[in-house]
Structure formats: structure tokens, C-alpha cells
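Take a look at the structure set out below.
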Amino acid sequence: MLIKTLKSSDLKESDITPENVYMNRRELLKGMGFLGAGVLLTNSASAKAIDWFNKDEVAQFKTTPLKYKTDANADKLILTPEHKVISHNNFYEFGAQKHQPAELSQGFKVNPWQLTIGGECDKPLTLDYDDLFKIFPLREEVRRERCVEAWSMVVPWIGFSLADLLKKVSPNSSAKYVVFETLHDPEQMPGQADRRLGGGIAYPYVEGLRIDEAMNPLTLMSVGLYGKTLPPQNGAPIRLVVPWKYGFKSIKSIVSIKLVSEQPQTTWHKLAPREYGFYANVNPNHDHPRWSQASERRITSGGLFSRNRIETLPFNGYGEEVADMYKGMNLNKYY
Ligand SMILES: Nc1nc2c(c(=O)[nH]1)N[C@H]1C(S)=C(S)[C@@H](COP(=O)(O)O)O[C@H]1N2
Ligand SMILES: [Mo]
């Protein structure tokens, strides 16, 4: 697993002059996208990144094997190799470039963790780290993941249905939508401390679903992939997987799930409503204002930039399971 980006010898204070140390750090941070014109080294997130790179050993996140029921359909799909699933990520809290989450999240503390489920329900619930793996039997689900940026993967997730979790808290009749929130912890998430590193989005990251979408059997709470607990870059310890929607709906490292009566404001929709809808169902017939959504680059065993263009399918190929929920809706208006 490629994680350690620096040999410890690169930054040994003892055998280089302070000036060299400074230059090395600067080059490094520039390469990592920390430094642009006008960004100073005194910036706190950059300083944190320096501390991080100065550690002799970059802590490697430890994943643990899980017990789960395998997906009978698994071998019908060509999986994206594990090393690509865990090294090509969108997780802006750890940097807005694809390689950054794997590099900047390895020290992320996921235990202890608390996930609260509340709002419009009769039996609100708080789960601790261990509960996430024990509350329901875990099962594997191999799903296509289609990013709004027109690349896609096939990932063997492990988890349980969001529906089962929501039933446990007994939603009341006012529960019309579900809002999810990612951890807000700028100490641990450098992209939350540095606007530039974090891609300029507002934190905490918030996503939402209509209650029927949340209750659909395809909607998964994932605690693992490829047989093991999630690495931080994929949203440890628990994240959402909504396979018929663009990837940005599948919010990572969730600390709060709340049942609400009104459609919530969600991160990307709020930032650029013309580009990212609340529904965000994968739709080859509704282009992003700046690019086509008719096809996608499937990341498989070829090189990351190998040409592997395939047609994008409505609802990411899961129409049979989900299209009924949108009957009579104009999907070009509610994109
Ligand atoms: N909290 C949080 N969740 C997030 C994101 C993010 O930046 N922050 N990126 C989203 C996007 S755009 C995609 S495509 C998927 C990527 O998931 P993966 O890295 O596990 O493939 O996570 C989604 N969940
Ligand atoms: Mo995405």
C-alpha cells in the first residue's frame, strides 16, 4: 500500500542546514499543492503538514479484517483494484487533489467514534465505534461508483442497510428527509483548516436524501471494503454508499444522521446549485454545465489514465431498483 510519501532521510534535521530544511519543505508542500502564490508558510495548516512530514515514520492506518456475507453477484463485475480504490479519492477534508486523502489521512483517529441518529424519531440512538460493526450482520455489496467528474469504479463495499438503522430509531410522520454530517475536526482534517487545501468548500460536509431514497434497500452504510475496515481516505469508520447517485452524495466519516421535515441544504448544491442538484441521480441525458455526462472513464486494472470509456447508464444502471421513486418527476429540472 503506497502511503509513505517521504523517506525519513529526506527531512533529517541533523544532517542538513536550516535553510535546506526550509527549501525541502517548501518544494514538498508546493508539490503537494499546499503552496500557491501568496500562501505563506506560517499558515497554520501548512505548518501542520510540515510537522506531519517531519515525523520519522508516517503512521500507517491499520485496517482490520471483517466477517461478512459475500455478494453472490460479485464475480459478474470487474472490480477496480484495491490499490486504486484507496489511492484515487475525493475527500476534500484531507485535500482536494486525488492523491492527497491517502497521503494526509493516515493518522486519522477513528476510535473512539460516535454516530448519533436523531431528529424526527421516537428512539434516538448513539452508536460507539464497536457498535458500528456489531449492530447488524455485515454483508458485501459490489457496486458501481460514478463520480460527477465522469470517472467510475467498481467497489466491493461491506456494510448494512441504512433502512435497518433508521427503522431502529422509529421515524415519526414528520420525517421526510435525512441529513448526514461528516466529522468537523480541523485539528485532524487539514482541508478544514486551510481553505485552499480543502477546495474552498464549507465544512462540515453535509449531504441529504429523501426518506424513500434513504429507505431503499440499495442505500448502504459502509464500514469496509475489500474484506477489511475502511481506510480513512474512503471514509472510515462509516460512510454512505448511494450507488445510483453521483459520488458526492456518498458522504464519508459520518458523525450525525438526522431525520428532518424539510429538504436540507447540502454542501455541493449550496456551493454551485446549477452544477450539483440535490437529487444528483446519475443521468447521461443531463449534462453538467461544464462537461458531458454521457460517458465515463472506468478505472480498472489499466493505468489510472488509460482510455477506458464506457457509456453512462441512467441511475448508474440501477434503474430497476430505483426509477419508480422518481415517476412523474422531470429529471432535467430535479437533477
Ligand atoms: N465528507 C466527504 N465525503 C465525500 C467527499 C468529500 O470530499 N468529503 N467526496 C465525495 C465524492 S465527490 C466522491 S466521488 C466520493 C468518493 O469516494 P471514494 O474516495 O471512496 O471513492 O466520496 C464522496 N464523499
Ligand atoms: Mo465525486
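Open to solvent by 10 Å² or more (accessible area, probe 1.4 Å), within 16 Å of ligand 2 (Cβ to nearest atom) and touching a residue at least 40 places away in the same chain (Cβ under 8 Å): does that describe residue 222? It is false that residue 222 is open to solvent by 10 Å² or more (accessible area, probe 1.4 Å), within 16 Å of ligand 2 (Cβ to nearest atom) and touching a residue at least 40 places away in the same chain (Cβ under 8 Å). Starting from residues that are under 15 Å from the mean Cα position of the chain (by Cα) and among the charged types (D, E, K, R), keep the ones in the stretch 144-177 and report whichever is surrounded by the most Cβ atoms within 10 Å (Cβ to Cβ). The residue in question is 146.
Counting only residues that are open to solvent by less than 10 Å² (accessible area, probe 1.4 Å) and either among the aliphatic types (A, V, I, L, M) or within 12 Å of ligand 1 (Cβ to nearest atom) (or both), which one in the stretch 202-217 is nearest to residue 142 (Cα to Cα)? Of everything passing the filter in the stretch 202-217, 214 is nearest to residue 142 (Cα to Cα).
Checking each residue of the stretch 85-97 against the condition of being under 16 Å from the mean Cα position of the chain (by Cα), within 14 Å of ligand 1 (Cβ to nearest atom), farther than 18 Å from residue 223 by Cα and hydroxyl-bearing (Ser, Thr, Tyr) gives at least one match. Scanning the stretch 189-200 for residues that are part of a loop (DSSP other than H, G, I, E, B) and either surrounded by fewer than 18 Cβ atoms within 10 Å (Cβ to Cβ) or away from ligand 1 (no atom under 14 Å from the Cβ) (or both) gives 194, 195, 196, 199, 200. Could you tell me whether any residue of the stretch 225-242 is under 22 Å from residue 79 (Cβ atoms), outside any strand (DSSP E or B) and away from ligand 1 (no atom under 14 Å from the Cβ)? Within the stretch 225-242 (the criterion being under 22 Å from residue 79 (Cβ atoms), outside any strand (DSSP E or B) and away from ligand 1 (no atom under 14 Å from the Cβ)), the answer is yes, since at least one residue qualifies. Given the condition β-branched (Val, Ile, Thr), within 15 Å of ligand 2 (Cβ to nearest atom) and under 15 Å from residue 218 (Cα atoms), answer yes or no: does some residue in the stretch 155-163 qualify? Yes, the conditions are met somewhere in the stretch 155-163. The residues of the stretch 259-278 that are surrounded by 21 or more Cβ atoms within 10 Å (Cβ to Cβ) and away from ligand 1 (no atom under 15 Å from the Cβ) amount to a single one, 259. Residue pairs whose Cβ atoms lie under 6 Å apart, sitting 6 or more positions apart in sequence or on different chains, and linking a residue in the stretch 127-150 that is under 21 Å from residue 258 (Cα atoms) to a partner that is within 16 Å of ligand 1 (Cβ to nearest atom) and open to solvent by 10 Å² or more (accessible area, probe 1.4 Å), are 129/113. State yes or no: is residue 316 in contact with a Lys or Arg (Cβ under 6 Å, 6 or more places away or on another chain) and outside any strand (DSSP E or B)? It is true that residue 316 is in contact with a Lys or Arg (Cβ under 6 Å, 6 or more places away or on another chain) and outside any strand (DSSP E or B).
Just one of the listed residues (256, 250) is surrounded by fewer than 20 Cβ atoms within 10 Å (Cβ to Cβ), closer than 30 Å to residue 125 by Cα and within 16 Å of ligand 1 (Cβ to nearest atom), namely 256. Criterion applied to 114, 97 was being touching a residue at least 60 places away in the same chain (Cβ under 8 Å) and within 16 Å of ligand 2 (Cβ to nearest atom), and the one residue passing it is 97.
This table checks each residue for (1) modelled with pLDDT of 95 or more; (2) more than 13 Å from ligand 2 (Cβ to nearest atom); (3) not aromatic (Phe, Trp, Tyr).
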residue	(1), (2), (3)
203	yes, yes, no
211	yes, yes, yes
249	yes, no, yes
254	yes, yes, yes
275	yes, no, yes
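All of 294, 236 fail the test of being more than 15 Å from residue 179 (Cα to Cα), away from ligand 2 (no atom under 16 Å from the Cβ) and in contact with a Pro (Cβ under 9 Å, 6 or more places away or on another chain), apart from 294.
The values are calculated or read from the model by the stated rules, or taken from the named source; none is laboratory data. Since the model is a prediction, treat every value here as computed from it, not as a measurement. Cβ: placed from backbone, ideal geometry, glycine included. Neighbour counts: every protein chain shown. Areas reflect the complete protein model, heavy atoms only, side chains present, ligands, DNA and RNA absent. Shrake-Rupley method; radii C 1.70, N 1.55, O 1.52, S 1.80 Å.
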